[in-house]
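The values are calculated or read from the model by the stated rules, or taken from the named source; none is laboratory data. Just so it is clear, the model here is predicted, and its values are computed rather than measured. In this analysis, Cβ positions are derived from the backbone assuming ideal geometry, glycine residues included, and neighbour counts consider all displayed protein chains. For accessibility, only protein heavy atoms count, side chains too; no ligands or nucleic acids. Shrake-Rupley method; radii C 1.70, N 1.55, O 1.52, S 1.80 Å.
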Amino acid sequence: MKKKTLAILGSTGSVGRQSLDVVRQNKDALSVACLSANTNVDRLSEQILEFNPTLVAVGSKQAAQELKKRVPKETNIVTGLDGLCLAATHPEADMVVTAISGSVGILPTIAAIKAGKDIALANKETMVAAGEQINATAKEYGVSIIPVDSEHNAIFQCLYGNERKDIRKILLTASGGPFFGRTAPELKNVTVQDALKHPNWSMGSKISIDSATLMNKGLELIEAVALFGVDQADIQIVIHPQSLVHSMVEFIDGSIIAQLAPTDMRLAIHNALFYPQRVESNYASLDFFGRSLTFFEPDEETFQALRLARQASITGGTMPLAFSAANEVAVEAFLQEQIGFLTITTIVEEMMMRHNCIQQATIEEILYADAEIKRQTRTYIDKHF
Ligand code: MG
């Protein structure tokens, strides 16, 4: 097997670190050409010393100066969004792992596709904001987009050897997050710490809050529409607290194929990095004895995010972007304790109502709308809270 060389965007985050762990365990098959991080110079310098990348991108000039003091002189360090695009298009890389969080991933992902790189997609906001444009560009340049998100990777695997036209529905599973079973009045005063405590997965703070509000599942619903070309009405959300069934696909003949694996993101990353091959791994097997798998209907009354996501998907155009961009800002405000937990979704709904939706937007229009929605959301929060 030819060695695969990776550019990992967002290497100090949760998925980035776990991707490097997969590289570490498969040194003969995988190597790293580029790493990128926003500000975490401590962790990034350790990764540079271990993986010896050709190019490293950081968020700011200040971070670059800090980094220079700690890594070998010959390390090529670039900065900002331009730097991120250089890392995404580096000639040595065969595949780009997009593990950054937020819409900052849009331009580097498009640049990587245009440079002919396959994408291991872990940045769901990019697919939500610009799914149509990314699909069209990937088709034009003949590159594959392989989902890393555990649910989408599961659906992707359920579709091996099957045709998309034969899908009856997708059953998108959700753990329910830390607040599964609670009602809105019980959630009014939850703290940032409560919301960060995910029962099954250890993840970054943005996605942990999104899991608590079920915004994450809303974003994943829109992501699934973009990745698998199905209608939102054909996606059913199923609460599955054990997080062992990572999603399922029901086909027109009534058969359902599910993908199961231990709750460890590295399995999904491993699958995506080696696709289309199956490569042996040494993760512990799932032990079924004494376990139960349970499934529940989601409480859309308490978790309004699911209704808003469906509404955004039905409207289409830049409405999913409005849903995602307003949420990014509202989550930041919640993490800074400026707004309460339930206010996150209230703000997203308000910003969706104010949004002048554009159909078939260009990438430039999307980037402009993204900045504009975020600015308006910040102004709205500062005015009212
Ligand atoms: Mg997921």
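Descriptive notes on the structure:
- Residue of Ile256, Ile170, Ile344 that the Gaussian network model of the chain assigns the largest fluctuation, springs spanning Cα pairs under 10 Å: Ile256
- Unit charges at the beta carbon, dipole of the chain: most positive-side option, Ile167, Pro108, Ile146: Pro108
- Going by accessible surface with a 1.4 Å probe and the largest first, Ser19, Ser202 read Ser202, Ser19.
- By the Kirkwood approach, averaging reciprocal distances over each pair of separate Cα atoms, region 4-147 gets a hydrodynamic radius of 14.8 Å.
- Contact order for the chain, expressed relative to its length and based on alpha carbon pairs under 8 Å spaced 6+ residues apart, stands at 15 percent.
- 1.4 Å probe accessible area per residue over region 43-161, in Å²: 40
- Across Lys114/Lys165; Lys114/Lys139; Lys27/Lys217; Lys4/Lys206; Lys68/Lys206, pairs whose alpha-carbon gap is larger than 22 Å: Lys114/Lys165; Lys27/Lys217; Lys4/Lys206; Lys68/Lys206
- The share of accessible area on the chain that comes from carbon and sulfur is 49 percent, using a 1.4 angstrom probe.
- Residues in region 279-321 average 62 Å² of solvent-accessible surface per residue, probe 1.4 Å, ligands and nucleic acids excluded.
- Loop trypsin sites (Lys or Arg not before Pro), region 240-307 (other Cβ atoms within 10 Å of the site Cβ: 14 or fewer; DSSP): Arg278, Arg291
- In a reduced charge model with +1 at each Lys and Arg Cβ and -1 at each Asp and Glu Cβ, the chain shows a dipole moment near 820 debye about its Cα centre.
- Once you reduce region 295-356 and region 209-228 to the center of their Cα atoms, the two points are 11 Å from each other.
- Positive contributions from Lys and Arg (+1) and negative ones from Asp and Glu (-1), summed over other residues with Cβ under 14 Å from the Cβ of Asp370, come out at -2.
- Glu365 accessible area, 1.4 Å probe, all protein chains in place, Å² to nearest 10: 70
- Positive-end residue, region 244-327 charge dipole about Cα centroid, Cβ charges, pick of Asn271, Met248, Thr294: Asn271
- Placed amide H near Ile235: partners under 5 Å, 5+ positions off or other chain: Ile170
- Choice from Leu267, Leu171, Leu293 showing the highest fluctuation, given a GNM over the chain with Cα pairs closer than 10 Å: Leu293
- Among Ser208, Ser60, Ser103: highest mean-square fluctuation, GNM of the chain, C-alpha pairs under 10 Å: Ser60
- Inter-site label distance for Glu365 and Glu163 at 7 Å from Cα along Cβ, in nm: 3.3
- Spherically averaged projected area of region 53-106 from its Cα convex hull (nm²): 4.1
- Relative contact order for region 316-385, counting Cα pairs under 8 Å that sit 6 or more residues apart, in percent: 49
- Estimated from helices alone, the mean residue ellipticity of the chain at 222 nm is -14000 deg cm²/dmol (sum of -39500 (n - 2.57) over DSSP H runs with n ≥ 4, per residue).
- Kyte-Doolittle mean at least 1.0 and Cα axial length at least 20 Å: DSSP H helices in the chain: 319-335
- Our summary gives region 167-311 a relative contact order of 34 percent, counting only alpha carbon pairs under 8 angstrom and 6 or more residues apart.
- Inter-site label distance for Glu132 and Arg278 at 7 Å from Cα along Cβ, in nm: 3.8
- Measuring with a 1.4 angstrom probe and ignoring ligands and nucleic acids, Ile207 comes out at about 50 Å² accessible.
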